[in-house]
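Only one structure is covered here, and it is reproduced in the block below.
The values are calculated or read from the model by the stated rules, or taken from the named source; none is laboratory data. What you are looking at is a predicted structure, and each value in this text was computed from that prediction instead of being measured. Glycine also receives a Cβ, built like all others from the backbone with ideal geometry; neighbour counts cover every protein chain displayed.
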Amino acid sequence: MALLFYISSGVAVVSTIMVITRYHPIHALIYLVVSFLAISMVFLSLGAPFAAALEVIIYAGAIMVLFIFVVMMLNLGRETAQQEKQWLRPAVWIGPGILTLVLLMEMAILLLQQSQQEVATAVVTPREIAVSLYGEYMIAVELIGFLLTTGIVGAAHIGKHKKKNLHRYLQA
């Protein structure tokens with residue numbers, strides 16, 4: 001278990017460094033998804049399967065889809081097709097693919113091995129998490145919702161192309 005923890009932590013650190021150093025936003029987002037999956041494996045190796053599932057569903061799923069949607073809205077134009085062809089090159093996806101395969105092998109090892117030692121875990125139900133989030137942290141959750149909405153509206157405004165209105169005599 002400790003070896004799996006250290007391997008997933010290493011993958012998380014490497015992929016997070018790659019997020020910071022990438023020039024193209026889509027490349028950074030792909031590495032960010034790998035980083036979220038690695039953090040999920042850290043939770044799973046520590047005996048917190050519910051936190052691992054939440055990490056995958058909420059962060060790697062929903063929030064990353066939102067980020068990719070915003071980046072795609074900002075890249076409207078003629079060169080979008082050419083950019084997408086460049087994103088499909090093996091040099092772009094081979095790094096995140098290798099890191100994801102390492103995480104997949106870790107998960108297979110973790111699930112297939114018979115656990116010799118039990119990790120002391122406390123059972124936390126989804127109801128307890130919901131009461132905690134929407135009880136004392138209700139304002140923070142609402143503010144994060146407003147912040148995400150503001151980000152989408154700002155990205156739509158930045159990505160909107162202005163149409164040039166020519167006089168009817170100047171139109172060809």
Inset, instruction - Could you figure out which of (1) over 14 Å from residue 100 (Cα atoms); (2) hydrophobic (A, V, I, L, M, F, W, C); (3) under 11 Å from the mean Cα position of the chain (by Cα) isn't true of residue 54? - result: (3)
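Taking residue 60, is it at pLDDT 70 or above and buried (at least 17 other Cβ atoms within 10 Å of the Cβ)?
yes
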Inset, instruction - Check off (1) under 15 Å from the mean Cα position of the chain (by Cα); (2) at pLDDT 85 or above; (3) not aliphatic (A, V, I, L, M) for residue 5 and give me the number that stays unchecked. - result: (1)
Inset, instruction - Considering only residues that are among the small types (Gly, Ala, Ser) and at pLDDT below 85, look in the stretch 8-45 and name the one that is farthest from residue 69 (Cα to Cα). - result: 45
Inset, instruction - For the stretch 8-40, enumerate the residues that are within 24 Å of residue 123 (Cα to Cα), more than 14 Å from the chain's Cα centre (by Cα) and buried (at least 17 other Cβ atoms within 10 Å of the Cβ). - result: 8
Legend entry - Odd one out for residue 113, checked against (1) at pLDDT 80 or above; (2) surrounded by fewer than 11 Cβ atoms within 10 Å (Cβ to Cβ): (1)
